[in-house]
Amino acid sequence: MQVSAVNSQVNYYQKKIINNNNQKFNIKDNIDNSKKTDNRVANPDIWDELSKEYDITNMSFDDLKVVCNKLLDAKQISPKKFGQLIIYPEMMEIAQAKQGYKVKPFLTSTKNEGNWKEEKINWLEEFEAEAEQQKQFGCMSGYDSYKKNIDVFKKIL
């Protein structure tokens, strides 16, 4: 890191040769080699199987987690979408519990006591309520994301 007497800003764009075992080291080669291989097999027939087994309009969070795991394994949703659907509500639970609030991460939940993960709710209505909340906040990317969730889960109906 160089600091110039004329310019007090740090110069991060130095050209420095990094030697790795006396060979020139190229960061792009390192990134390409570190990519993980995806061994999952795409299975578009999973939608029919899930529609016979699960009712998206009357399902608990634990059931939703199972459905999302099956969709992720069948390459029908991305890991990012899986995180939005499953990991985010669980993070909300932890944050609300730390603040001393009653844990209720869903908008359409009517249950105030007990385990929220076992309450059966209509997930299409939940995603619609979340989308409208994001729209009221002015977060159009969140609104669009929840609308896409509705489109994804309508395939299970």
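Residues in the stretch 119-141 that are part of a helix (DSSP H, G or I) and either of a type in the set (Lys, Arg) or farther than 18 Å from MET59 by Cβ (or both): 9 in all.
Every condition in (1) under 21 Å from THR110 (Cα atoms); (2) surrounded by fewer than 18 Cβ atoms within 10 Å (Cβ to Cβ); (3) of a type outside the set (Gly, Ala, Ser) is met by LEU64 except one, and the failing one is (2).
For every residue, the table says whether it meets (1) in contact with a Pro (Cβ under 6 Å, 6 or more places away or on another chain); (2) of a type in the set (Val, Ile, Thr); (3) part of a helix (DSSP H, G or I); (4) surrounded by 13 or more Cβ atoms within 10 Å (Cβ to Cβ).
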{"position": "GLN76", "(1), (2), (3), (4)": "no, no, no, yes"}
{"position": "ILE94", "(1), (2), (3), (4)": "no, yes, yes, no"}
{"position": "SER109", "(1), (2), (3), (4)": "no, no, no, yes"}
{"position": "LYS117", "(1), (2), (3), (4)": "no, no, yes, yes"}
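May I ask you to list the residues in the stretch 83-92 that are surrounded by 15 or more Cβ atoms within 10 Å (Cβ to Cβ) and either hydroxyl-bearing (Ser, Thr, Tyr) or under 16 Å from SER60 (Cα atoms) (or both)? Result: LEU85, ILE86, PRO89. Is at least one residue of the stretch 43-54 at pLDDT 55 or above, β-branched (Val, Ile, Thr), part of a helix (DSSP H, G or I) and surrounded by 11 or more Cβ atoms within 10 Å (Cβ to Cβ)? Yes: the stretch 43-54 contains one or more residues that are at pLDDT 55 or above, β-branched (Val, Ile, Thr), part of a helix (DSSP H, G or I) and surrounded by 11 or more Cβ atoms within 10 Å (Cβ to Cβ). Of everything in the stretch 113-154 that's charged (D, E, K, R) and modelled with pLDDT under 90, which residue is farthest from the chain's Cα centre (by Cα)? In this case the residue turns out to be GLU113.
The values are calculated or read from the model by the stated rules, or taken from the named source; none is laboratory data. Here the structure is a predicted model, which is why all the values come from computation and not from measurement. Here the Cβ is made from the backbone with ideal geometry for all residues, glycine too, and neighbour counts use every protein chain on show.
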